[in-house]
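Participant: Sharing a structure here in structure tokens format.
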Amino acid sequence: MSPVIPIQSAGSKGCTDVIPLVERGQREVFCGLTGIIWLHRKIQDAFFLVVGSRTCAHLIQSAAGVMIFAEPRFGTAIIDERDLAGLADANTELDRVVNQLLARRPEIKLLFLVGSCPSEVIKLDLSRAASRLSAQHSPAVRVLNYSGSGIETTFTQGEDACLASMVPEMPSSPAHAEQELVIVGTLADVVEDQFVRILNHMGIERVRFFPPRRAQDQVPIGAHTRLLLAQPFLGDTARLLQARGARLLVAPFPLGIEGTTHWLQSAATAFGVTPERFQAAVAAPMARAAASLARAKLHLDGKRIFFFPDSQLEIPLARFLSRELGMKLLEVGTPYLHRQHMAMELAMLPEGTFLSEGQDVEKQLDRCRALHPDLVVCGLGLANPLEAQGMTTKWAIELVFTPIQGYDQAGDLAELFTRPLTRRMRLAA
Ligand code: SF4
């Protein structure tokens with residue numbers, strides 16, 4: 001039997017028209033600086049210079065502690081408390097730090113000045129600083145800026161802000177260029193390679209990824225570009241790319257067998273791939289994924305799960321866990337609900353799923369305690385207190401750091417949810 005079931009059963013619209021509970025209270029989510037942890041690994045000739053406080057430096061150093069043995073591609077220019085009269089000094093200091101960094105690290109081709117939320121940083125005009133430094137160091141180095149401030153961004157929105165800052169720099173493609181597929185959103189290299197193999201097998205040869213592995217490999221953009229989002233948190237980037245003429249393909253996200261198949265199908269349809277050729281390209285990896293999910297389903301079927309809002313991956317994950325692994329969704333919280341990008345995901349969610357957008361953390365904790373789920377997906381700050389209250393948790397951040405997209409990662413993705421449950425069972429034995 002095919003593991004892909006119809007997007008909607010007869011007479012059901014899934015959660016297409018659902019009105020989520022909207023909450024705007026205290027929230028427990030990382031800021032957008034966190035995105036630097038995966039972005040610096042992806043764009044190998046870029047450097048991320050956080051303009052911030054000691055708190056910002058601690059955040060990214062502790063989150064990326066593994067990098068202490070290598071020359072890191074991120075750092076923090078710490079702006080101490082200054083009054084407005086000290087801004088000239090702050091700009092001079094920033095220029096000095098950048099000049100020193102670029103002189104010492106000639107391999108850097110793209111430098112991001114990343115804003116943060118301390119008031120002294122907000123007073124600095126980082127876009128002017130980026131233009132000034134770019135003029136000074138181009139063409140060898142381009143300097144861009146974006147904000148990772150906790151006031152403006154949550155967790156994964158840092159990637160959206162980073163990629164959006166790159167869009168104006170992308171070259172325009174010639175008017176009569178051939179149709180090209182651009183996959184948008186950071187994916188592990190191994191996942192990119194798998195997707196390229198499958199797409200090539202279908203006959204889609206012109207495939208690019210944004211962000212590219214090297215900043216100098218600029219992706220041309222224009223009316224010939226077909227965009228496929230690999231991550232659900234790229235609202236601003238997608239809007240800017242569409243404004244450059246690119247066309248967004250409607251698809252769910254490539255998590256699990258169904259998500260991956262519909263996502264690839266969307267590209268196949270846009271490029272005129274025949275059903276036979278599509279099947280030939282996906283049959284073997286689909287079968288491998290189905291075998292790996294069958295094992296995980298033994299642990300997850302019927303288990304009740306609660307999502308706190310964190311990465312914006314919650315809705316695609318909930319769809320995967322309910323439809324392919326039989327989990328029961330108690331609440332699916334998301335920081336933001338982008339209805340257009342989530343259209344297919346919402347249609348595939350079981351009808352009646354309780355969705356919430358934003359957060360009022362104390363109220364949400366009360367709902368979670370009252371339901372006592374088998375598994376809670378939440379940020380690091382909530383996980384330990386909930387574990388102490390007898391709940392089993394999964395850290396949402398792991399879902400962003402781990403390669404989980406595509407057929408060959410479907411089993412690993414399911415295992416991220418089985419592991420905390422089996423650990424809890426062993427502790428209780
Ligand atoms: S940007 Fe703001 S929220 Fe993020 S680490 Fe710095 S001070 Fe904290």
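The values are calculated or read from the model by the stated rules, or taken from the named source; none is laboratory data. Source: prediction; values computed, not measured. All Cβ positions, even for glycine, are placed from backbone atoms using ideal geometry, and neighbour counts span all protein chains on display.
Participant: Tally time: how many residues in region 299-319 are in a helix (DSSP H, G or I), farther than 25 Å from residue 158 by Cα and either at pLDDT 95 or above or under 16 Å from the mean Cα position of the chain (by Cα) (or both)?
Facilitator: 1
Participant: Answer yes or no as to whether residue 161 is outside the structural domain of residue 44 (by TED's automatic domain parsing), under 25 Å from residue 34 (Cβ atoms) and within 14 Å of the ligand (Cβ to nearest atom).
Facilitator: Spelling it out, residue 161 is indeed outside the structural domain of residue 44 (by TED's automatic domain parsing), under 25 Å from residue 34 (Cβ atoms) and within 14 Å of the ligand (Cβ to nearest atom).
For (1) in contact (Cβ under 8 Å) with a residue 60 or more places away in the chain; (2) among the charged types (D, E, K, R); (3) crowded, with 22+ Cβ neighbours inside 10 Å, each residue gets a yes or a no:
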| site | (1), (2), (3) |
| --- | --- |
| 316 | yes, no, yes |
| 333 | no, no, yes |
| 341 | yes, no, yes |
| 353 | yes, no, no |
| 356 | yes, no, yes |
| 362 | yes, yes, no |
| 373 | yes, no, yes |
| 395 | no, no, no |
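Participant: Does residue 152 count as within 16 Å of the ligand (Cβ to nearest atom), assigned to a helix (DSSP H, G or I) and not hydroxyl-bearing (Ser, Thr, Tyr)?
Facilitator: no
Participant: Sticking with this one: Give region 102-125 a look and list any residue that's of a type in the set (A, V, I, L, M, F, W, C) and at pLDDT 95 or above, or say none.
Facilitator: 102, 103, 108, 110, 111, 112, 113, 114
Participant: OK, next. If residue 336 satisfies all but one of (1) modelled with pLDDT of 95 or more; (2) closer than 24 Å to residue 382 by Cβ, what's the number of the condition it fails?
Facilitator: (1)
Participant: In addition: Please work out which residue is farthest from the ligand (Cβ to nearest atom), limiting yourself to region 63-83 and to residues that are touching an Asp or Glu at 6+ places or on another chain (Cβ under 9 Å) and at pLDDT 85 or above.
Facilitator: Looking at the filtered set, the residue picked out is 73.
Participant: Something else about it: Sort through 95, 89, 160, 125 and tell me the only one that's touching a residue at least 60 places away in the same chain (Cβ under 8 Å) and not hydroxyl-bearing (Ser, Thr, Tyr).
Facilitator: 160
Participant: Suppose we keep only residues that are within 8 Å of the ligand (Cβ to nearest atom) and over 16 Å from residue 401 (Cβ atoms) within region 37-62. Which one would you say is modelled with the highest pLDDT?
Facilitator: Among them, the one singled out is 50.
Participant: Follow-up question, since we're still on this one. Name the single residue that is nearest to residue 285 (Cα to Cα) among those in region 382-429 being in contact with a Leu (Cβ under 9 Å, 6 or more places away or on another chain) and of a type in the set (Val, Ile, Thr).
Facilitator: 404
Participant: For region 370-429, give me each residue that is of a type in the set (Lys, Arg) and within 26 Å of the chain's Cα centre (by Cα).
Facilitator: 394, 419
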